[in-house]
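Sharing a structure here in structure tokens format.
Derivation of every value follows stated rules applied to the coordinates shown; laboratory data play no part. As the structure is a computational prediction, the values presented were derived from the model and not from experiment. Every residue, glycine among them, receives a Cβ derived from its backbone with ideal geometry; neighbour counts consider all protein chains shown.
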């Protein structure tokens, strides 16, 4: 690899009175001295700002700024100003500045970037600012950021906690939108764009599509993710660790060209439902697409739309398609060839990419059509060859993968930009890898992890593989249901211990029960009303098998995910609409990884359990009985399901409410016919006796449930242990 300071072929652009050879390589953050790095980042900032503004010089008039080029995206005026307000907003969030340029613009141009789904189309009309107003904001922002870079106090290496990290965040964010905004310009009518000295320098080489073929790729172990000592700026989803054993596979020598994709179009691929996923077919119904979006059909002829012009169809250029089209093509290819054809996974892409022993910013010149070092457009798929016979391992167009984006082990959000990645961890955003001709900065590095909705258009195409079919992807989404998230926090979070000095409720209950187990059978236990399952795992420390059962399917998903995948994410309410993103790892709890084969989680009705739930040596009902529609029926049922000599453990604050339990079904908490107080404990004893006897005095167990960062629900549960007589 060559040093970062080596020369590169860089675009030269004149914009806003500035003419410069622009830096497109992201800086190394651990080299040089502070003042050298300050000067480098200052130039990187101005070059980025200038390059981004030059893109909008391609618009022919003010109307083009407010025309919605894509129904699922905002008009370009939003993106023109969005990157500017991002700098101001994030510097304020990080408390590095306390000034605003235009509070109105910094509100309306802040949120709304992610592309919409066609079934969530937003047709609202907004009172957008004028291009002149946005340009004034950009000019003021440029001066503020310039001054901040010149005067801020920082040290090397630059890391997450450095004030200069926020500047780099803004720079790399703008380079993302350089690429995504250029696609929207490409979707504008031609009369709303005009030639530009930089952006009109497109590839003029057009030919017939080369015949594609498959090349064998050896298997091996792939390790993904990077540490925070990595010297290159990264987004939060790049950090952490993952490892995967990749089996040998075959991959296409070239990216799928327009000519190769034409075979799918000619086979009526856009009209045959069998090739499309359900999501893909629904998108097709919405879009009415019959070929890739940038193909311009006119009778029997076909032309190609670039950003600023139409050209003759470049059949040897890569097909630019969304994931849904790529998936349909692969399904068609499977049918035609009789082989299992699909897109590569993220790990399989890395297995190919590792043939290239260099990365931006280390290379002296780009090995492929990337980083704006070659053409201002895609180019033929057989131009840039790499070791092993592959072409375009990086660059030209992005390559869709089969992998829905997720965080690696150890993922954490950056506090200044906590919603960069987490909204995409939903199973609806797939990764693409490799970068494209306009990918610069972080966008062009090997570790870059960008994901878009599957119907999204980018400079993205396809390299297909012949490989083992994939199992359905596991989606580790953030649980946003307030009730479910609170139970996850209640069971596995640490607010009670760390903030209020109250120990974990399920753990305390099971610890108390442990004192009654000596000399008893401990083969089977039932955790009824198990909620998020912490007590189920704790009971499994002492029993051969534990069934966790809860009425709520939504609640059961959390412990099931922990058992199966070892993790569960959730969103915790903090203040108003503010939230924090949390993750529970099974490995955080000593010994739990050895208990997964001893627990099972199922949905069930505590008052009407199927017959298979029987012969238990212990049944635990934690904070359950006063939330049942018929608590007496539940107790009668437990009489049958507990083995002789077995235990029934009940814990409850006895907060009877008619929304859960009809008044006539309450076990206590009212005046008896005699006019005397009748407690729930007396009611429980009345139902359970004479078959059960209470073994010890009731124990009060306090608990807290997190509502917000400064509000907790406090309660005290009465825990009783009952023995079924032999």
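Using only the Cα atoms of the stretch 438-594, what semi-axes does the equivalent ellipsoid have when each is the square root of 5 times a gyration tensor eigenvalue? Give whole Å, largest first.
39, 21, 14
Separate question: Work out how much length residue 311 to residue 111 would gain on full extension: take 0.36 nm times their residue separation and subtract the Cα-Cα distance, in nm to one decimal.
Going from the current span to full extension adds 68.5 nm.
Fully extended, how many nm does the chain gain between residue 482 and residue 412 (0.36 nm per residue separation, minus their Cα-Cα distance)?
Separation in residues times 0.36 nm, less the Cα-Cα distance, equals 23.1 nm.
Extending each Cα 7 Å along its Cβ direction at residue 639 and residue 243, get the distance between those two points in nm, one decimal.
Modelled inter-label distance: 5.6 nm.
Given axes a ≥ b ≥ c from the Cα gyration tensor, I'd like to know whether the stretch 35-99 is rounded (a/c under 1.5), prolate (a/b larger than b/c) or oblate.
It comes out oblate by the Cα gyration axes.
Rounded if a/c is under 1.5, else prolate if a/b is larger than b/c, else oblate: which is the stretch 479-724, with a ≥ b ≥ c the root eigenvalues of its Cα gyration tensor?
oblate
Could you give the length gained on full extension between residue 577 and residue 516, defined as 0.36 nm per residue of separation minus the Cα-Cα distance, in nm?
Here the segment from residue 577 to residue 516 would lengthen by 17.4 nm.
Does anyone have the angle between helix 278-287 and the longest principal axis of the chain? Alpha-carbon axes, 0 to 90°, nearest 10?
50
Here's something else I'd like to know. Once Rh for the chain is found with the Kirkwood sum over Cα pairs, what is the Stokes-Einstein diffusion coefficient at 20 °C and 1.002 mPa s, in µm²/s?
74
Round to the nearest 0.05 the FRET efficiency obtained for residue 282 and residue 201 when R0 = 51 Å and r is the Cβ-Cβ distance.
Using R0 = 51 Å, I get an efficiency of 0.85.
Rounded, prolate or oblate: which fits the stretch 223-307 when a ≥ b ≥ c are the square roots of the eigenvalues of the alpha-carbon gyration tensor, with rounded for a/c under 1.5 and prolate only if a/b beats b/c?
Note, shape of the stretch 223-307 comes out prolate.
To continue, here is another question. Show me the ranking of peptides 705-718, 639-652 by mean Cβ neighbours inside 10 Å, starting with the highest.
Taking the mean over residues of other Cβ atoms within 10 Å, the ranking is 639-652, 705-718.
Ok, one more. Kindly express, to the nearest 10 degrees and within the range 0 to 90, the angle between helix 505-514's C-alpha long axis and the longest C-alpha principal axis of the chain.
That works out to roughly 40 degrees.
Under a plain spin-label model, where a point goes 7 Å from the Cα along Cα-to-Cβ, how far apart in nm are residue 150 and residue 708?
Here the answer is 4.3 nm between the modelled labels.
At residue 682 and residue 475, where each label point lies 7 Å from the Cα along Cα→Cβ, what is the point-to-point distance in nanometres?
Placing both labels 7 Å beyond Cα along the Cβ direction yields 5.2 nm.
Let me ask something else about it. Report the FRET efficiency, 1/(1 + (r/R0)^6), for residue 133 and residue 99, where r is their Cβ-Cβ distance and R0 is 22 Å, rounded to 0.05.
For residue 133 and residue 99, the calculated efficiency is 0.75.
Still on this model: What does the highest-first list of 389-399, 576-586 look like by mean Cβ count within 10 Å?
Result, highest mean Cβ count within 10 Å first: 389-399, 576-586.
Still on this structure: Have a look at the DSSP beta bridges in the chain and tell me what percent are antiparallel, nearest 5.
Here the share of antiparallel DSSP bridges comes out near 70 percent.
Angle check, please: helix 323-337 long axis (alpha carbons) against the longest principal axis of the chain (alpha carbons), in degrees 0 to 90, nearest 10.
Around 90 degrees separate the two axes.
Only helical DSSP H runs with n ≥ 4 go in: add -39500 (n - 2.57) per run for the chain, normalise by residue count and round the 222 nm mean residue ellipticity to 500 deg cm²/dmol.
After summing the helix terms and dividing by residue count, I get -8500 deg cm²/dmol.
Same structure, new question: Which FRET efficiency value, to the nearest 0.05, do you get for residue 673 and residue 594 by plugging their Cβ-Cβ distance into 1/(1 + (r/R0)^6) with R0 = 51 Å?
0.45
Another question, then. Based on DSSP, what percent of beta bridges with both residues in the stretch 214-466 are antiparallel, to the nearest 5?
Percent antiparallel among DSSP bridges in the stretch 214-466 is about 90.
A further question follows. Quick one: grab Rg to one decimal and Dmax as a whole number for the stretch 12-192, Cα atoms only, in Å.
16.9, 52
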